[in-house]
Amino acid sequence: MTWPGPGRTALVAGLLVTASVLAGCGSQSGDALAKAACGHVNQSIRLYTEAKRADSAAGARTDLARAYAQLRAALPLAAEATSQNGQWVALETTLSESSRVMEGELLAGLQQQCAVADSPNPGEPPQPTEVPTSP
């Protein structure tokens, strides 16, 4: 299978970014790695949205290929985040599905998981929204 030029270029660029980021990951915490992974996820979502609004099929294919490359670049960061802190296993698992499932099906989960990673205190459990009542 031959990939079109822009898709191949986007994939290679994503892999190079991932390699350079992973080279500096040794001292980062799981939360910082998850936040870095979500930087790629957020970029992917932006590109995916642009693809859906593209004026041409070629433009849409290019944006989708770039979006996919961003998701794949996020995966090793999420995997390392998970090895540092098991809280990020859902993010890693969702990203790993990007090779089998269309990105549109993963968006809601990725957005929710990245909202946690991008929050000021991602390692803390969410605050309850209701006060429990006694029986």
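The values are calculated or read from the model by the stated rules, or taken from the named source; none is laboratory data. Treat the numbers as computed from the prediction; the structure is a model and nothing was measured. Cβ atoms come from the backbone with ideal geometry, glycine included; neighbour counts cover every protein chain shown. We work out accessible area using only protein heavy atoms, side chains counted, and drop any ligands, DNA or RNA first. Shrake-Rupley method; radii C 1.70, N 1.55, O 1.52, S 1.80 Å.
Scanning the stretch 43-74 for residues that are under 23 Å from SER119 (Cβ atoms) and open to solvent by 70 Å² or more (accessible area, probe 1.4 Å) returns a single hit, ARG46. One residue stands out in the stretch 82-109 among those that are touching a residue at least 40 places away in the same chain (Cβ under 8 Å) and touching an Asp or Glu at 6+ places or on another chain (Cβ under 7 Å): the one that is farthest from SER29 (Cα to Cα), namely THR82.
The residues of the stretch 77-123 that are surrounded by fewer than 19 Cβ atoms within 10 Å (Cβ to Cβ) and in contact with a Leu (Cβ under 8 Å, 6 or more places away or on another chain), listed by number, are GLN84, SER96, GLU97.
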